[in-house]
Structures are given as structure tokens and as C-alpha cells.
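Inspection log for the structure reproduced underneath, given as C-alpha cells.
None of the figures in this text is laboratory data; all of them are computed from the coordinates on show. Note that this is a predicted model, so its numbers are computed, not measured. No Cβ is skipped: glycine too gets one built from the backbone with ideal geometry, and neighbour counts run over all protein chains shown.
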């Protein structure tokens, strides 16, 4: 569901660096023609590790990692590292001619990097943009990078590297569950229109070890990472003003993902959906009507806009009742457009059992 | 004293001249007619602003009348073109002013020679004539002086010399002694007499001075733009 | 006070001609000052903003070595986590004969450096973003300023052809930037994607530079430097801007000199017209004094009146000046764009300082022009004030003092020049003093020359000639100032003429000396004057085998960037007689060449030596591929090629230090019996299948160089215009003043029998004589100014050593301009003096 961010951020930040952005920016989205791109219309078989790599031919694609980490003496951190690939025009398949500039490409990359320092109540975030010329940014096999930020597959999982200023992150991710294909065998439809869909799979539970460096202080950390991979071509329909995305690691070993597409009147769009993943990796699809979410608190952004900041999420069919609360309120990424993406704590019940958990929530379309 | 009673030197007929002053027409001369004979000395009396100078200017062709005509030596100058009239003036009319009106940037000799040069006289002749003339007014030794180094009387003598150097048939004098003391004025009168009479020139003299008028053959007075003969009163 | 003012000014209202004259004179004076200042400021400003637009907010720049900057340097820095950098590929392209700066950028790296106002970037515009992004998606797309597009008749989506050294590229206008009025300095700048710029400019794989933003953290600078290859440097952006600015300093110097002249001439003109107004009313002043008005009251009244009139004149002058300035600016900017840099034209900025300069000049000159004669007028007993000749006498009395003051100023100028070495401002100050002193001497010169001229004119046109000439002397208070103004204006023509004439002769000589080969072959220099690959070695062999070619020498020209600005480095294979191409100002060829050929050092140009204070035997440091190296100066030779000067090194030494074997140009020597034209055709035919070559004969190159030179100084035509305007108004004012004043004298002359034609002739002779006087006096003054311009201003500004040559035709034409404009200015006064027979004046004292 990050398509809005990538498209809008990229288009706006560069062209309108000095300007305030209004909601009218959605129009720009439509200006990037869809003609000439592949579309996610039918169910396709996924093969790994090939599908861990890029999918040229589709207009956009992202690598989206979020995770909760714990340092020495239980010091809590959250992190986000995301890469977005956006083809501004269909990629030319022609051979690179002689005397052609190496800078020539219609593909752009953006990346966001954020670290939540719970103890200090600090939120650090950075964004980057580049052309995907295969040098400054791009993909090679299962490696994706933008300058010195990278995510690449290792022997038994993944390696994350990102640093900016005095914030550094190095993580080894170990895969403990197989990839989960969301939606209909990986085809995730976003509205009634055919092709208005993405291919979407998740590596829900990656055991993460490594280090975080903040202002010269290095902390050894470990925790869990959620990695989403999604690619496609179409934009959302215009009657959707934003979405709330929840990705939760629960203490019973199960994982829960749900996205709540919001209509203009703030009601839930019928194509909202999710996955409930068992400790062994079996997926149960969740439909819009399966999940009830109640907002129990709000947070006023100092930059404008009111975000939900506490939820009660219940899935009656599975006896799940969860209270979700951000670890700190201000985890808003002040890029263009602004959005909120932050580490959360979970506590609740499954049936009779008390369960806890940690996770990430993404909120868009609230900034004013 | 009158050499040729029968020749008219200045013939003035029905001369009228007015000026616009502050939006009002001010008639200076009103249908003036008079004949002045050759060799005559005529005084023209009148109060300030009575039109004496205007009449002199019309006679010399410096100014042009609204109507009427002026003939000098039989030539109608009022019908001449400007250039013609200018040439006629420099060859036939001499001017003497109250304030001398010498050219300050020329010395005494040059002031005189300017007139001759304008009449296109050869340089040698003009030099001799100029010296003779200055000799006659008693200022030969001041030939290289500039006007501003001369006294008033001397300046007027130079002015007379300049007016007479090309032997004009008419000499117009506008208060020539008005700015001079009696003694100096007397010298000037004698000079005019001495120099103009022998060549049979006509003198028309604008003046306030009854003394001066008495020296003349005839006396006229300008009153309200009309010319009245006062000769009898001065006999 | 009110009644005093009324008594004084009612005279002016009854003589509106004189009032108009004063205002016109004042306005023209201000207009000239303002116009030149506008031209100067606008050129500088538009240059600066072009610079800002192009260099952006970069604090530093990374510059490549002799063989350019490899793009991998940038990529390595980025991948190494250095983020406040942006790659630039730039060069010059021509569209429909106009020069444009092509700026290739990476839009993602740009946001913090430059501000692109793209069409539709306001609210509700949606195509704008598409416009910027189409840089990435549209092949050969450019963003163009709205003004440029309007000029070229292009709109969004239109294709156009850009020429880059013989090659044609099809571009497409993606979007328009800016609006018709302002263009934030980017007019004549085309923005395109870095890939397009690389391909068009033949710089694939290379960058022109990397813009860098370094804050206060010094460690960033250090960490960047640690990552750079040895021949790549991180330099201050200011330094580079300075060196870019130097490119236009030729203009600035000319323009500064011009505005100096303009200021003085304008002030004199104002003084002339305003002081006349006071002098004219001495009789009234006398009467008022006699009636018991105090001196202070009178002076105050005159000052108030003068300032009121000055205000009107200044306002008119500002507007006229703005208009005049616009004309100048288009001339100047066209010129700049042709040679130095892409600069927009026609946009006039009336800067606050310009207005201030005009207003202060106008009011101050008015104040002096009113106060001096006013104090002088009231300083006499009332009776004497009525007498005109008293004024003139007093003028004659102060001639000695004026001469003394002039002498003192010249001494001060000498002292200033002696004690300042390279300071350009001091040079201008000295020039200023010399001109002022010549203006002070003008009345004395008039006085000394009139006896002779009286005789000449008396002989030529008789006594009216004498009246005319003596009249000039007699009204020296009037004519002296007019002649001074005219003298400065004409001296300006002479001075600039001498400077440019000498310069041209020197350049011509130098071209003959330094262009020693018969035919020159060069590979087209692309972005930034760098020819990457030079001439194909195989092709060089083939070219040397063309029938008629005796032998050749190869050369490599590169640009090195250092903290002191960019340096032209030439590496040459010295042919047996090639050494004659260098005219050594210091050093003996017999000693220089063996050492040079052995690679023991370099020879440098005179400007380079002057700018950096180098002498034979000194060492200079150059950034080589092996890092910084010292080179000994073997000789100093004459050169007018580059503002900063250049360095020549033996090519084998160059190859050692820079590891660059490319030959970018050939000097071909022909056999005695060879037919030059045929050989050139043959060379072209041989070269065509390989690459684009520029082939020119010695003569063609010489002629082309001189054409460039001539166009550079096209601006000086403006001088002639200004001088003519000033001469015209100055003489007109003086002549009108004289004929107004001399109404009575003219009346006497008319009464004595002068025809109108003769009176007119007198006035024409008088004006012509004033023109002649000013013209004659302007010749020595102009030559002295020329000497200063050559040996002080030019030397200090550029380091060029120019032998002064006095171009007779310039002197004659200056004299002719002085006389002819004076004669033209005489037409109206001559007519005015005779239009009516001034009857009444004859009876006045």
C-alpha cells in the first residue's frame, strides 16, 4: 500500500521542493502514464529467489522492511528501511549503444530510512532519491541499493545496511518462515478494476541481529523484521483518501497483517484485506469484514493533522482482541507528503490466552 | 544752410504702427506723414514712450510698419525684403544711440571697419578711411582700444564715427547726448554738425532737449501718435 | 522669501526657453550618468545571476585535471556516503545563431543547489512535474526559459536544432521556465538531463564539475579530499566564480571607465546649465540687493529655486536615462553573450545605487552651480552686481588658481599611481583626477588659444569671425564650462580610441608572430573547452602525408583549475622554427629553448607573470596527474589570448606528468611550392571520414581573431553616441546662452547692416570654434587618458602589456566629431538669434 507515498513523494519533493503540497497532487499521479507497462491481472507462480529480485516492466516496486529491535538492558528501537523503484516511462529494452551516457534511464529510486529511539523519545528519518542507473542506485540479482543504503540476500537471509549522519544501522536477517503470498496467491487486488492490483508477498518474521549506532554510541540489537515486497503498475482509485497498515509479530508465534483502505468518508473500502500467519507459516486471508478496528486515541501532529494513536483491533472469527499503542507518538516522516510509520506495542487476548506483541503501523492521508 | 530745398530725403506717408501690450492694442504712430529734405536737420520731440524710437526704427527699416510707407532717397524701404532692406540700411543710414552700442568684442578701429567690411570695401581703403574718420573725431590714438576702456564721451564719438564712416545720406540719432554731460554733449553736437553738413546728409534727431531742438532746421513733436510741426515755437 | 523667490523666478517663467534649457541640460547630464550606470550594473547583475543560476548555492566545486573529470569520481563519492554534491556537465550550444549555455544536471541531486521555476509549478499546475521528470523520460529534452523560447519562437513540445561544434542535435522543448519578465538569470541557459548534455557535448563518461556544499564541518572537506584521485581538486566555488567573472571584466573595465567619463561630463553639463541661470539674472539680483535683500536671503532663494529645478531635471533624467540604458544594455549583453558568457539582454534594472548616483550628482552639481555664482554675485556692492563685465573679470582672475588646482590634482594622481602597485581602483582614481584637472585647465586653454584663433578666424571670415572668437573668451564663465564638458567627452573618444587602437595593433602583431604555422588543424573543443580525445593518431599520420605538407608540430591544450583560477596549459612539440612564435619579454631564447625542450621548466605569458608576480627562475605549482608538482619559469612571452594568461610546457614533459598523449591541434608547415588552398581541401578530405576537424589557414585564423577582437569592443560605439549627445547639448546650451545674452549685440549688428545670414554665420562660427577648441584640447587630454588606460587600467586589470600607438584617424575623427556636433548644435541658436528684429534691446544699457 505504499504506492501513494512513492509516487507522490518522488514527484513532489523534486519538483516542488519549495512548495506546500495540497491534496491536488493526486492528479499528478495520473499524469505518469500507465501505457506500456505490465499489469498485475492474473495469478502467477512465484519462484524464489528470482522473485526476490526486481520486476522490470512493472511501473513500481518496493522493498519494505520494518522491525522492532532490543538493545542492551532492554533498550528499545524501531527501524524502517524502504526502497522504491519507479519507472517514469517504460524501460527501453534496447542494447546500450556506444557513446550513450551511463546516466540514461527512465527509472528512479527513492528510499526512506527511519530509526525510533524509544528511550530518548527520538525519531530520526531520512529520505533519498536517485536515478536507477545501476551505479548510484538499482537492483542487481537480489540486491537493491540507493547509494550506501542497501538490502541484499545472504546465504540464510538478508543483510541491511543504512547510515546517514550519525545514525547507522547494520542488520543480519534470518528467515524463519517461508514467504507468504498475500491476497489471491500473491495477487493483491486493490479495487474492482481489473489490473488495479499488485503482486504482494511477505517475509513476515525475520530474526534480526546487528547494531544501531546513534551519535557515536553503538548498541548491539536483536529483534524481528517484517519485509514486504510488492510490485505492479496501477494507481488506486480516486475515492480512497488513505490507508492504515498493520504488521504485528505476536508472542504466540503468529503474525498479523491488515490494511484498511479508507474511503473519502473515512469508512472502510471493501477491498481492505490482510493475512493471519500461523507460527508455522500457514496463511489465512482476512477480508475487510473479518477485522474490526476501533480508534481509542488520537495524536495531533505538531506539523498539522490528527493521527489515530491507539487502536482496539479484533478478529472475532479467530478470537483475537488486541490493543495497539505506539511506542512513542511522534514517528511521523516529514517528507512530502508526510506520513506516519512507527513501532507499536501490542497487548491482548487470543481466546483465553493473553498475548503480547510488537509491530509497525503505517498511517497515510492524515497530514493537513 | 539748406543745400537743396527741392530734393526729398525721407518721405513718410500714412505711417501707422501699434503694439500689443498686455493684450491691448497700443497705437504708437497714427497715420504719420512728413517729408524731410536732403541736408535738413530735423528734431523729433516727444515724451518717453511717445514713439520717437519707433519712428526711427521704421525709417531705418529695423522695424516694419502696420501700414504706410517710407521712402529714402526715392527708394521705398517698406516694400523691400529683409535682406534688401538690410543692405540698403548699411549703405545709406547711420545710427547714433544714447548708449553708444559699440561692439564690446571689437576694438575702436574694428568697430568702424566692421561697417565698411559689411559694405564690402577693400581692406586697405577701409583702414585709411577708418583712420581719417577717427582723426576727424579726435580719437586716432585710441584706434586699438576696446570700448570699455573709453569714457562715455569718447564712446559716443566713436559711435558717431562709426555712423558716418560710410557717408550715409541719412543719420538717425536717438538721444545721442542723453547720457552725456553738457560739455561733452556740446562736443558731440559740433561733431555731428561738422561731419554731416559737408556731405549733405540728412539728420533726424530724437530728443527731449529743447536746446538740441533749437539747433535744428525743423522741429516736430510726437503727441498721441501724431506728428505736429513745432518749428515755429523754437524759432 | 516668497517674494524674493517670485522676483527671481518670474524672470524664468517669462523666459521659458532658458528654463527649458536648464532642465534639458540637467536631464541629459543625469540621463548619461544613469544610462551608463544601468548598462554597467545590468551587465554585472545579469552576469552574476547567470552565475548563481549556473553555479547555484555550491560552496565548493570538484574540478578535474587536464583530461577532465571522470564521472566515476562522483559515483564513488555518492556511494561513499557524500551527499551534498551534484554533478554538472556544461558547455555551449548554438540555436539559430544564438549562444546558449547547456547545463546538464541530475535532477535528483539538484534540489538543494538550484531553484528551477518550471512552468505550472504554481498551484493547480500538473504538467510542471511532468516537465521536470520528462528530463528523464524524454530523449533530448530541454527546459528553456520562457524568454528564450519566445525569442526563438518555440513552445512546449517543439523540436529545435542545437549545434555543437559542427554536429547537430535534435532537441525538444519539454517545458518553459520563468516568466517573460524575470528569468532568475537563466535566460540563455538550457537545462537538460546530464545524459543528454554528455552526449551532445561529447563528454560521455565525464563531468564538467561537481558542485559541493560544505557547511561548517571541516571534516567533510577532508573526507571528500581523501576520496579524490590525485589530479582532481576540491576548490572554493567563489574562486571559480571569480575566474568566471574575470571573463567579463574586460567589459566591466570599459564600462567603468565610461561611467567615470559620463559622470564627469554629466556634472559639467549640469553645472553649465544651472550656473547660467544664476548669471543670467545678475541684474535682478543687483536690484534686489539694492532694495535691501540680504545676501543670505538671496543665496537661500537661489538654492531653493535651483533645487526645485534640479528635482524636475533629475526626474526627467532618470527616465530618459533608463530608456537610454535599455538601449545600451541590449548592446552590452548581446556583446557579452557573443564572447564571454550567455547573458540575457534587454532587462534593465534601475538599481537604488544608480538612482542615488544620478540624484546626488544632479543635486550636488546644481548646488555648486548655484551657490558659487550666487555667492559671487552677491559679494559685490549692489551697483557692481549690475555690471556684466565684473563676472567675466572674476572668471579671468581665477584662471591661475584653477591651473594651480589642476597641477595639484595631477601630482596627487602621480603619487597615487606611484604608491599603488596593482590596485585597479587606485588606477581609476588617478584617471579621474587627470580628467578633472584637464577640465579645470579648459578655461585657461581657451584664454591662451583665443588670440591665435582670433587671427585665424578674422582672416578666414573677417571681423564677424573676431567677434565670434572674442565672444567665447569674453563669456568664459559660460563657454569655459561648456568647452570643458565637451573636452571630456571628446577626450573619452580619444582615450578609448588610443587604447583600443593600440591594443588592436599589438594583437595583430602578436598574431603574426605567434601564428607561425601555415595551416592549423584542431579537434573541436567541447564542453568547457576540453577536447577529450583530440585528433586520432592514425589521422595525424595521414594528415602529415598530404601532398604539400612539409612537417607539423602537435600541441595539446588543456585547462587546469587551481585556487588561483583556471589556467590554460599548452603542451607543444616544438618544431625546428616554432620557437620564433614566441616573443619573449624576459629571458633569452638561446637559453630558454634547450631547457624547455629538456622539460626543465615552463614558459609563461606576460599576463600570467604579472598576475602572479612571477619572474624568471621562480617556481609555480601545477596539479598534475601525479599530484602537485613545481615547475620552473624559464621565460615570459607576450600573449593576449586569455585574461588570466597561460603556461606552455614541452609536450613530452606534459605526457610524463599528466599521462595524456592526446594531440588536440596541429600546426602544419607547408613546403615552399605548396598550394595552400589545395592542401586545406586535401586535409579536409582526409579528415572527413575520421572526425570533425577545424582546419584554417594562418590568415583565416588571424582574421577571425581580429573579428572577435573588434566585436568585443563594439561597445565603444556607445562612447561615440554619448559623446555626441553631450557635445550637442553642451554646445547648444552655451550657444543659446550666448545668443540670449547677446541679444543687444546682435541687434546692433543688425542695425549696422548685418543680414540675418551674416548673424547666423557668426553664431555658427562661434560654436564651431568652441568645438574646435574642445576638440584640440581633447587630443592631448585623450592621449594622456589613453596612456593611463593602457599602462595603468589595462595592465592592472589584465596584466596585458600593450605598446601605445597613436591612431591618427581616431584623433582626426574625434576632432571632427567635436566640430560637427558643435556645428549641429549651432543650428537652433543661429536661427533663434535672427528670428525677430530685436528693436527694444537697442535702447537698453
- Normalised by the number of residues in the range A:133-189, what is the relative contact order in percent for Cα pairs under 8 Å and 6+ residues apart? 18 percent
- Could you please rank B:99, B:220, A:123, C:13, placing first whichever residue has the fewest other Cβ atoms within 10 Å of its Cβ? C:13, B:99, A:123, B:220
- Take the alpha carbon gyration tensor of the range C:450-507, find the square roots of its eigenvalues, order them as a ≥ b ≥ c, and report rounded if a/c is under 1.5; if not, report prolate when a/b exceeds b/c, else oblate. oblate
- Task: Find how much the distance from residue B:145 to residue B:197 grows on full extension, using 0.36 nm per residue of separation minus their present alpha carbon separation; answer in nm with one decimal.
- Result: 15.9 nm
- Message: If you restrict to DSSP beta bridges whose two residues both lie in chain B, what percentage is antiparallel, to the nearest 5?
- Response: 55 percent
- Note on the structure: With R₀ set to 56 angstrom, the calculated FRET efficiency between the beta-carbons of residue A:295 and residue C:158, to the nearest 0.05, is 0.55
- For the pair residue A:209 and residue A:35, what calculated FRET efficiency results from E = 1/(1 + (r/R0)^6), where r is the Cβ-Cβ distance and R0 = 35 Å, to the nearest 0.05? 0.15
- With a 10 Å radius around each residue's Cβ, average the other Cβ atoms per peptide and rank C:453-462, C:810-819, highest first. C:810-819, C:453-462
- Output field shielding_mean for C:466-473 (other chain Cβ, 10 Å radius) holds 3
- Note on the structure: With 0.36 nm assigned to each residue of separation and the Cα-Cα distance removed, residue C:14 to residue C:816 gains 285.0 nm
- Message: Need the full-extension length gain, residue C:621 to residue C:595, defined as separation in residues times 0.36 nm minus the C-alpha distance. One decimal, nm.
- Response: 7.6 nm
- Comparing B:217, B:135, B:182, which has the greatest mean-square fluctuation in the GNM of chain B with Cα pairs linked when under 10 Å apart? B:182
- Between residue A:266 and residue B:224, with labels modelled 7 Å along Cα→Cβ, what's the label distance in nm to one decimal, could you check? 11.0 nm
- Query: Label-point separation (nm) for residue B:7 and residue C:632, each offset 7 Å from Cα along Cα-to-Cβ?
  - Reply: 10.9 nm
- Task: Ignore the peptide's own chain and count Cβ atoms of other chains within 10 Å of each Cβ in A:103-112; give me the average, rounded.
- Result: 4
- Query: What spacing in nm lies between the two simple spin-label points modelled at residue B:20 and residue A:156, each 7 Å away from Cα in the Cβ direction?
  - Reply: 11.9 nm
- Message: How compact is the range C:524-692 by the rule of thumb for globular proteins, expressed as Cα Rg over 2.2 N^0.38 Å?
- Response: 1.09
- Remind me, relative contact order of the range A:3-363 in percent, using alpha carbon pairs under 8 angstrom and six or more residues apart? 14 percent
- Task: Provide C:622, C:176, C:328 in ascending order of the number of other Cβ atoms located within 10 Å of each residue's Cβ, fewest first.
- Result: C:622, C:176, C:328
- Item | Alpha-carbon centroid distance for the pair the range A:189-209 / the range B:160-226, whole angstrom | 128 Å
- How high is the relative contact order of chain B, in percent, counting Cα pairs under 8 Å that sit 6 or more residues apart? 28 percent
- Cα gyration tensor shape of chain A, rounded if a/c is under 1.5, else prolate or oblate by comparing a/b with b/c: rounded
- Note on the structure: Exposure-ranked with fewest Cβ neighbours within 10 Å first, B:38, B:81 stand as B:81, B:38
- Item | Per-residue mean of C-beta atoms belonging to partner chains within 10 Å, peptide C:755-765 | 2
- Message: So, R0 is 45 Å and r is the distance between the beta-carbons of residue B:83 and residue C:294; what FRET efficiency does that work out to, to 0.05?
- Response: 0.30
- Pick from B:72, B:160, B:103: which is most flexible by mean-square fluctuation in a GNM of chain B where alpha carbon atoms under 10 Å apart are linked? B:103
- Message: Kirkwood Rh and Cα-based Rg: tell me the resulting Rg over Rh for chain B, rounded to two decimals.
- Response: 0.96
- Note on the structure: With a ≥ b ≥ c from the Cα gyration tensor eigenvalues, square-rooted, and the rule rounded for a/c under 1.5, otherwise prolate when a/b > b/c and oblate otherwise, the range A:38-175 is prolate
